[in-house]
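Reading through the structure tokens given below for one structure.
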Amino acid sequence: GRLWTMRQFAGFGTPEDTNQRFKYLMEHGQTGLSTAFDMPTLMGYDSDHERSKGEVGKEGVSVSSLADMEVLFDGIDLEKVTTSMTINCSASIIFAMYLVMAEKKGVSWQKLRGTNIQPRW
């Protein structure tokens, strides 16, 4: 049988900060990634929006752009790791960024594994 995927819910500060944390966790046996996003990202606000003031990078990683997503997963082999993103209202945007980031890395969508929770409208 196949072993369970080991995922530590992780994310804080900048995409660079969380990328370093992801790599540390993977070096110590983690087999999947579970991304904790900050409140502005969860609510669909850019980090420079007035409603984001004081919340950027607090409870999770701040992701406002495709460039942020690229930094978040830089140096991580998406074909060898599963990714979980529990994000709700901005899930479709974050998921689109994830797919484009994977394409830019040369990874086909068929090779991606993981979960993405989106509300039903």
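The values are calculated or read from the model by the stated rules, or taken from the named source; none is laboratory data. Predicted, not measured: the structure shown is a model, and the values here were computed from it. Positions of Cβ are generated from backbone atoms using ideal geometry, with glycine treated the same way; all protein chains shown enter the neighbour counts.
Couple of notes before you dig in:
- Any hit, the range 21-40, residues being more than 16 Å from Leu112 (Cα to Cα) and touching a helix residue (DSSP H, G or I) at 6+ places or on another chain (Cβ under 6 Å): yes
- Consider the range 29-44 and keep the residues that are part of a loop (DSSP other than H, G, I, E, B) and modelled with pLDDT of 95 or more. The one that is farthest from the chain's Cα centre (by Cα) is Asp38.
- First in the range 3-27 and outside any loop (DSSP other than H, G, I, E, B), second anywhere and hydroxyl-bearing (Ser, Thr, Tyr), Cβ under 7 Å, 6 or more apart: Phe9/Ser34; Ala10/Thr18; Ala10/Ser34
- Within the range 28-69, tally of residues that are free of Cβ contacts under 8 Å to residues at least 40 places away in the same chain, hydroxyl-bearing (Ser, Thr, Tyr) and either surrounded by 14 or more Cβ atoms within 10 Å (Cβ to Cβ) or under 15 Å from Ala10 (Cβ atoms) (or both): 4
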